[in-house]
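*Asks:* Pasting a structure below so you can have a look.
The values are calculated or read from the model by the stated rules, or taken from the named source; none is laboratory data. Predicted, not measured: the structure shown is a model, and the values here were computed from it. Cβ placement follows ideal geometry from the backbone for every residue including glycine, while neighbour counts extend to all protein chains displayed.
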Amino acid sequence: MSTPAAAAVGGAIRARRRAGSSYRRRDKYLRFVLPALVVIGAVIVFPWVFTVFMSLHDWQVASPRVWVGLDNYANLAGDARFRAAVVRTFVYTLFAVALPVLFGVLAALMFHQEFPLRGFFRGVFILPMIATPVAISLVWAMMFHPQLGVLNFLLSRVGLPPSLWVYAPDTVIPSLVLVETWQWTPLVMLIVLGGLAAMPTEPLESARIDGAGGWRMFWDITLPLTLPFIMVAVVLRTIDALKAFDTIYAITQGGPGTASETVNIYLYLQAFNFFQIGRASAVVVVFFAVILACSFGMLYLRQRARWA
Amino acid sequence: MTGAWNRRQTRRRFVAMGAGMAAAGLAGGRLGTMSAAELRRAQAAFDWKRYDGESINVLLSLSPRSDLLTQYQSEFEELTGITVNADVVPEQQQRQKQTIEFSSGNPSFDVTAVSWHVQKSLFGRGRFLSDLREMRDDPTMTAPDYDVADFAPAAITFATHADGRLDTLPYNIDYWILYWNKELFDQKGVAFPQTLQETLAAAEALHDPGNGVFGFAARGLKNANVPVWTSFMQGWGVSSIDDQNQMHTTEPAAIEAATLYRDLLANYGPPGVVGFNWNECQTTFSQGTAAMWFDGIGFATPLEDPASSRVAGKVGYGLQPAGPVSRHSGSFGDGIGVSAGSDKQGPAYFYAQWATNKRNQARVLAAGAGAPARTSAYSDPEALAALKVPREWVDTLVASGEIGLPSLPAIVPVTEFRDTFGIALTNMITGADPAQELESATEQFRPVLEQSLQT
């Protein structure tokens, strides 16, 4: 028989043993987790902390580093060129998402139908997506040339006046969106096509028996059921368009003037042309916050668009 | 620092260079045939093999001149026993790589080509390159036939810092000239313009967009376009930022030069010129659709290549036209330096020395790849005999040397200067008022300049 005091002592010892074995287990787990923590710390956490640290300094190549607090952020807020770049980035993103999504959905609906050589045409359709962005950008740059480019030649063949394409401030963003649409519509098509293939067929069969027309079936059944997949495409395209750099830089370098200067181009100039490391770091932090907010917004919408 | 340096960039210095070019009569070696053994015999007292077995990394920018260095690299390797790993990348990427690696304190290259007009002040402030004077003056390190005195005085001045440090050996000086299509000029009975106002009149006379001919081509793309304007400004006897770091970018001369720039490009330029860099201009001119093209002197080779140019044999090479006050040729330059952080100073200096020797400089001239910084190249009979471009090009080159002046200001934030004023110039082509644009650009750039002078 044990007294209550002895029982309490025994309980405390058992608890300590349990805790001890728990610590030991944790130690064992830590050995497995530690490498991953070190890698994450080295390649994600440290660069971010260091970027924030740099953004709080006036830091130029070949000059001493000076602590300036939030001055770089304040300067950005007062920089009309940066603000214009932010607006331009969103305008570009809006069209560079909307058009590929629109054409991608249409292409998916088309390629979901049965027709001869469907596999071959699907393969051809996704070719732009496979090509290297910088390589195709250089080809597009040649095609856009006002005098020697093939696009104006094609326009002249159908009786249309020539365009200045990327060589005029008014037409440069639409022209760049054209390249983006050409290249990334296939990606949207593939995602939505996957959604169409996974879609249950019973609702469509029921609707057909009930006498629903093609448009009604698309609007009330196909579209809602593929919406989660379309939202995935929208999220991916939005993130991709927001950070678009290679195409724009290779074709226009942000010009004419600043007519196609997005935040990424502005950032590149600050960091690698002007070597204003502190200021560029502030742009990175601000832009990361913007992309994060957009991503959360998109993920929230995607969550709402899930199948019930 | 920049002020003192700039003070020495006088017209007299550049005149001296041109005169030197014209007068020098040094005999040239055989450009492509002398073996390393022959070279060594010729310099028996000098030990080219003292670094035998070592290797060096060389970073060059993509250009016809770098092509020559890599083409004849085996000559250096045979002569010295040093293995060369040469990396040739496009100019813009090369400049970024240099700056980033230099600022890291541990550059991957031992020798590199440097654009004085863009990088000299920044690299000088960071002490990124070694002072070469000691090795240059050491007879055990510099071959007896290297002949430092053969470099044009202006080139040495261009390469030297205010405190006397010499961290690059001169390699090339790029003068801006006016390329003109002789066939189009003859058809319209127009004479080559000697002044900037005559250039405007000639552009008007030759402009015939209905037949696909445009009067004048030059860079409209921001940043790239600034040398066009600053070179024009020299015709008014004014530089954009003087040796006291005073900005003259809102003065009447600057506005008149900018107005001329706008009038030439907006009224007589090809459609889309606002987005043209030198390569678009070259394409336009080489296809015979531009009557004149104002740019650096290094484009003769592609223009005279019948495989890619429709104007081969029809190109005139003219001096930069005179302004109302004076006549100058906007000038830019390159040198070859040794990384201060390199632990292979000797082998690296040997490479810089070889790259800038008389033979390689003569090769540059013979190939039409640029304007050598050595005076002997211009009178090298073999180089002149091997010329792949018209003699008129060499004559214009030599004459430009007599009136050459650095076109861009010698300041650290020169890229920001080009970016800010480049946007203003682009805006002018699309209709903005020159005076207002220059006022606005000056207001934007002044704090950047002032900050750079404080650090």
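*Asks:* Quick one: A:Ala289 ticks every box in (1) part of a helix (DSSP H, G or I); (2) within 14 Å of chain B (Cβ to nearest Cβ); (3) within 19 Å of the chain's Cα centre (by Cα) bar one, so which box is it?
*Replies:* Against the list (1) part of a helix (DSSP H, G or I); (2) within 14 Å of chain B (Cβ to nearest Cβ); (3) within 19 Å of the chain's Cα centre (by Cα), A:Ala289 comes up short only on (2).
*Asks:* Just checking, how many residues over the stretch A:143-162 are loosely packed, with under 14 Cβ neighbours inside 10 Å and of a type outside the set (Lys, Arg)?
*Replies:* Here the count works out to 8.
*Asks:* If only one of B:Asp433, B:Asp395 is outside the structural domain of B:Gly275 (by TED's automatic domain parsing) and charged (D, E, K, R), which one is it?
*Replies:* Details: B:Asp433 fails: outside the structural domain of B:Gly275 (by TED's automatic domain parsing).
Answer to the check: B:Asp395.
*Asks:* Restricting the search to the stretch B:115-143, which residues are within 14 Å of another protein chain (Cβ to nearest Cβ) and under 25 Å from B:Asp174 (Cβ atoms)?
*Replies:* Scanning the stretch B:115-143 gives B:Ser115, B:Val118, B:Gln119, B:Lys120, B:Ser121, B:Leu122, B:Phe123, B:Gly124, B:Arg125, B:Gly126, B:Phe128, B:Leu129.
*Asks:* Related question: Is it fair to say A:Ala259 is within 14 Å of chain B (Cβ to nearest Cβ), within 26 Å of A:Thr171 (Cα to Cα), touching a residue at least 24 places away in the same chain (Cβ under 8 Å) and small (Gly, Ala, Ser)? Steps first, answer last, please.
*Replies:* Numbers: within 14 Å of chain B (Cβ to nearest Cβ): yes; within 26 Å of A:Thr171 (Cα to Cα): yes; touching a residue at least 24 places away in the same chain (Cβ under 8 Å): yes; small (Gly, Ala, Ser): yes.
Spelling it out, A:Ala259 is indeed within 14 Å of chain B (Cβ to nearest Cβ), within 26 Å of A:Thr171 (Cα to Cα), touching a residue at least 24 places away in the same chain (Cβ under 8 Å) and small (Gly, Ala, Ser).
*Asks:* For the list (1) more than 14 Å from chain B (Cβ to nearest Cβ); (2) in contact (Cβ under 8 Å) with a residue 60 or more places away in the chain; (3) outside any loop (DSSP other than H, G, I, E, B), I need the number of the one condition that A:Arg279 fails.
*Replies:* So A:Arg279 meets the others, but not (1).
*Asks:* Continuing with this model, one more query. Looking at the stretch A:42-77 only, could you name the residues that are surrounded by 14 or more Cβ atoms within 10 Å (Cβ to Cβ), more than 13 Å from chain B (Cβ to nearest Cβ) and not in a helix (DSSP H, G or I)?
*Replies:* Selection gives A:Leu56 alone.
*Asks:* Among the residues in the stretch A:238-246, are any within 14 Å of chain B (Cβ to nearest Cβ) and at pLDDT below 95? Outline the logic, then answer.
*Replies:* Narrowing the stretch A:238-246 to residues within 14 Å of chain B (Cβ to nearest Cβ): A:246.
Restricting the remaining residues to those that are at pLDDT below 95 gives A:246.
Looking through the stretch A:238-246, at least one residue is within 14 Å of chain B (Cβ to nearest Cβ) and at pLDDT below 95.
*Asks:* Among the residues of the stretch A:103-148, what is the count of those that are under 30 Å from B:Gly212 (Cα atoms), away from every other protein chain (no Cβ under 14 Å) and free of Cβ contacts under 8 Å to residues at least 12 places away in the same chain?
*Replies:* 2
*Asks:* Related question: Given the conditions (1) surrounded by fewer than 13 Cβ atoms within 10 Å (Cβ to Cβ); (2) away from chain B (no Cβ under 14 Å), and given that A:Val177 satisfies all but one, which numbered condition is not satisfied?
*Replies:* (1)
*Asks:* If we scan the stretch B:397-420, do we find a residue that is over 22 Å from the mean Cα position of the chain (by Cα), buried (at least 22 other Cβ atoms within 10 Å of the Cβ) and either away from chain A (no Cβ under 14 Å) or of a type in the set (S, T, N, Q) (or both)? Break it down stepwise before answering.
*Replies:* Taking the stretch B:397-420 as the starting set, the residues that turn out to be over 22 Å from the mean Cα position of the chain (by Cα) are none.
Among the residues of the stretch B:397-420, not one is over 22 Å from the mean Cα position of the chain (by Cα), buried (at least 22 other Cβ atoms within 10 Å of the Cβ) and either away from chain A (no Cβ under 14 Å) or of a type in the set (S, T, N, Q) (or both), which makes the answer no.
*Asks:* Give the residue, chosen from A:Val158, A:Val172, that is more than 19 Å from A:Pro186 (Cα to Cα) and within 22 Å of the chain's Cα centre (by Cα). Please lay out each step first, then the result.
*Replies:* Details: A:Val158 fails: within 22 Å of the chain's Cα centre (by Cα).
The unique qualifying residue is A:Val172.
*Asks:* Still on this model: Could you tell me which numbered condition A:Trp165 fails, if it satisfies all but one of (1) more than 14 Å from chain B (Cβ to nearest Cβ); (2) surrounded by 16 or more Cβ atoms within 10 Å (Cβ to Cβ); (3) among the aromatic types (Phe, Trp, Tyr)?
*Replies:* Looking at each condition in turn, A:Trp165 falls short on (1).
*Asks:* Please go through (1) more than 14 Å from chain B (Cβ to nearest Cβ); (2) at pLDDT 90 or above for A:Ala212 and return the number of the only condition it doesn't satisfy.
*Replies:* Failing condition for A:Ala212: (2).
*Asks:* Regarding B:Ser74, is this residue more than 14 Å from chain A (Cβ to nearest Cβ), assigned to a helix (DSSP H, G or I), surrounded by fewer than 21 Cβ atoms within 10 Å (Cβ to Cβ) and of a type in the set (Ser, Thr, Tyr)?
*Replies:* Working: more than 14 Å from chain A (Cβ to nearest Cβ): yes; assigned to a helix (DSSP H, G or I): yes; surrounded by fewer than 21 Cβ atoms within 10 Å (Cβ to Cβ): yes; of a type in the set (Ser, Thr, Tyr): yes.
Here the answer is yes, as B:Ser74 does meet what is asked.
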